[in-house]
Amino acid sequence: MNTSEGHAPAAALAKGPAAGSPRQHAGGRPRIRLDLRNLSLVIVLAALVLVGALTTPEQFLSLQNLQLVLTQASVIGVVTVGVTFVIIGGGIDLSVGAIVALATVWATTLATQQYGLGGILLSALLVGLGCGLVNGLLVSFGSMVPFIATLAMLASARGLALQISEGRTQIVDVEPVLELGQRDSYVLGIPPIVLVFAAVTALGWLVLHRTTFGRRTVAVGGNPEAARLAGIDVRRQRLLLYLLSGLCCGIAAFLLIVLTGSGQNTNGNLYELDAIAAAIIGGTLLSGGRGTITGSVLGVLVFTTITNLFALNNLETAVQQIAKGAIIVAAVLIQRKGRTS
């Protein structure tokens, strides 16, 4: 038996281009589908902007409102970048919202605030990385199902956040942190929080589509056994993916602290569902092996714009949730149709 032939497809997984690149699949058809999916999200976003312009033009099209939409999208957007990597790698992370809450609480204790902006930022990042490390170890080396491992982290992180804060809102009195959320700190009318979101998105895109790490992520999510035969350390790769997700949660926690000037155990409520939903409508397969950062970010912007439109038009939250649910179902059905065609 010629073993080199048997391992050729696996080797191609390790050496081939990253997800969404023109050479990933023969004939370029999946690449076209991904582009069309992103284009469809752009069209949906444009339609939402048109609705806002027709229903509440003065409010929706104001500079302040556009800044608000982008700012609100930034925190969940950073989380979504990390979640997208995990899902493409064949995993799931239900703990991101709880990790954000724990990081905001830990980073805003009186002891931490004594170290100023650097202490708050470092604390938020370390908490995120620590939780991501635990998730990664449980999934990769503890052989736990990602759903169970991250669900346990969700409960534990929420409980620890409640214990540390004692259910109280922890107010930040570090001026450099508060100043980052003020209009005086805007760069050409763009809030610093949005600039951080843009930087994380750009770095995420480069890592996924232009690095070996991104190719390995796609390979592990698409076919773990083939990836292993190609020489990829699957367990190490999954550990790194959860570390990346935890890091994004730490960054998002710091942005939330800047935005609200406080830390509380209720922060990040349902972030996990919003992030997963944004990734799904952006074209990321729940089964792993395919997805784009661009699509996920567009998904975040679609959901954030919907929320803003409903608020400006004084529509009920229940109707808003129904609309989001319908969009998610439609996106999944389109994915299934695309896979079978």
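The values are calculated or read from the model by the stated rules, or taken from the named source; none is laboratory data. Worth saying up front: this structure is predicted, and the values here are computed from it rather than measured. Cβ sites come from the backbone with ideal geometry, for glycine too, and all protein chains shown count toward neighbours. Remember, those area values only see protein heavy atoms, side chains included, never the ligands or the DNA or RNA. Shrake-Rupley method; radii C 1.70, N 1.55, O 1.52, S 1.80 Å.
Here are the numbers for the structure shown:
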{"quantity": "So residue 112, is it within 26 Å of residue 158 (Cα to Cα), at pLDDT 90 or above and open to solvent by 10 Å² or more (accessible area, probe 1.4 Å)", "calculated": "yes"}
{"quantity": "Any hit, the stretch 186-206, residues being over 19 Å from the mean Cα position of the chain (by Cα) and among the aromatic types (Phe, Trp, Tyr)", "calculated": "yes"}
{"quantity": "Selected residue (only one of 91, 128 is under 14 Å from residue 156 (Cα atoms) and within 14 Å of the chain's Cα centre (by Cα))", "calculated": "128"}
{"quantity": "Qualifying position, being among the charged types (D, E, K, R), surrounded by fewer than 18 Cβ atoms within 10 Å (Cβ to Cβ) and in contact (Cβ under 8 Å) with a residue 60 or more places away in the chain, among 215, 236", "calculated": "236"}
{"quantity": "Contacts under 7 angstrom Cβ, first residue in the stretch 101-123 being at positive phi, partner at pLDDT below 95 and not charged (D, E, K, R), 6 or more apart", "calculated": "116/174; 116/176"}
{"quantity": "The stretch 164-181: number of residues that are without any contact (Cβ under 8 Å) to a residue 24 or more places away in the chain and surrounded by 12 or more Cβ atoms within 10 Å (Cβ to Cβ)", "calculated": "1"}
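Yes/no per residue for (1) surrounded by 24 or more Cβ atoms within 10 Å (Cβ to Cβ); (2) in a loop (DSSP other than H, G, I, E, B); (3) under 17 Å from the mean Cα position of the chain (by Cα); (4) hydrophobic (A, V, I, L, M, F, W, C):
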{"site": "40", "(1), (2), (3), (4)": "no, no, no, no"}
{"site": "44", "(1), (2), (3), (4)": "no, no, no, yes"}
{"site": "53", "(1), (2), (3), (4)": "no, no, no, yes"}
{"site": "82", "(1), (2), (3), (4)": "yes, no, yes, no"}
{"site": "103", "(1), (2), (3), (4)": "yes, no, yes, yes"}
